[in-house]
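*Asks:* Pasting in a structure now, in C-alpha cells, and then I'll have a few things to ask.
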Amino acid sequence: MRQPPNVAEYYRMVWEIVKQIPRGIVATYGQIATMIPVPDGVEPSVYDQLSPQWVGSAMHATPENSGVPWQRVINSMGKISFPEGSKQALRQRELLELEGVIFDDKNRVDFDQFGWDGPDDDWLKTHGFYAPRPIRKKPKGGQLNLF
C-alpha cells in the first residue's frame, strides 16, 4: 500500500494539522501521522510503518500559496529531508531561519527548543484528531515527564 486509501482526504487532514504549527516551531512527519486516525481498511501496524511517508507525500504535494507552512515539518532526526545543498533544502532552511529556528553544526534543529507540542485539546477534539507523540525530551517549562 503505497498511498492512503483516500489520498485527497488524508492530505487534507495533514494540511489542516500543519496549519496549526506556530511560526518558529517544527514538527516531524511521524508526529503529524500519530495525530491522524488509522484509515478504514488499513492495519494499525501498516499505518505505523507507512504514515510518516504518507505525511511526507502530502507535504510534497502542498499547493503553492495554500497557507500551509510546509517548511515547519522535518524528519525525526531534526533535519530537513531534501538532499543537503539542494534548492529545496536551502529554501526550507531559509524559511525556518527567518522564523527564528536555529540549526546546529550538524544541520539539526533542537526539538527541546523548537519542537511542537501540538494544538490544544479542544481543537483536536473538534477536528477528530489525536494528541501528537511528543518530540521534546524535556517538556516545556523544563520539568521532566515521568510518564
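The values are calculated or read from the model by the stated rules, or taken from the named source; none is laboratory data. Since we're looking at a predicted model, the values are computed, not measured. Every residue, glycine among them, receives a Cβ derived from its backbone with ideal geometry; neighbour counts consider all protein chains shown.
*Asks:* So residue 58 passes all but one of these: (1) surrounded by 12 or more Cβ atoms within 10 Å (Cβ to Cβ); (2) at pLDDT 95 or above; (3) assigned to a loop (DSSP other than H, G, I, E, B); (4) not hydroxyl-bearing (Ser, Thr, Tyr). Which condition number does it fail?
*Replies:* (3)
*Asks:* Does residue 12 count as surrounded by fewer than 18 Cβ atoms within 10 Å (Cβ to Cβ), in a loop (DSSP other than H, G, I, E, B) and not polar (S, T, N, Q)?
*Replies:* For residue 12, the condition - surrounded by fewer than 18 Cβ atoms within 10 Å (Cβ to Cβ), in a loop (DSSP other than H, G, I, E, B) and not polar (S, T, N, Q) - is not met.
*Asks:* Would the range 1-20 turn up any residue that is hydroxyl-bearing (Ser, Thr, Tyr) and more than 20 Å from residue 132 (Cα to Cα)?
*Replies:* No, the range 1-20 contains no residue that is hydroxyl-bearing (Ser, Thr, Tyr) and more than 20 Å from residue 132 (Cα to Cα).
Here is a yes/no grid of residues against (1) of a type outside the set (Ser, Thr, Tyr); (2) farther than 20 Å from residue 14 by Cα; (3) in contact with a strand residue (DSSP E or B) (Cβ under 8 Å, 6 or more places away or on another chain):
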position	(1), (2), (3)
49	yes, no, no
54	yes, no, no
75	yes, no, yes
87	yes, yes, no
94	yes, yes, no
108	yes, yes, no
117	yes, no, no
129	yes, no, no
138	yes, yes, no
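*Asks:* Just to be sure I understand, how many residues within the range 61-105 are in contact (Cβ under 8 Å) with a residue 12 or more places away in the chain, assigned to a helix (DSSP H, G or I) and aliphatic (A, V, I, L, M)?
*Replies:* The qualifying residues number 2.
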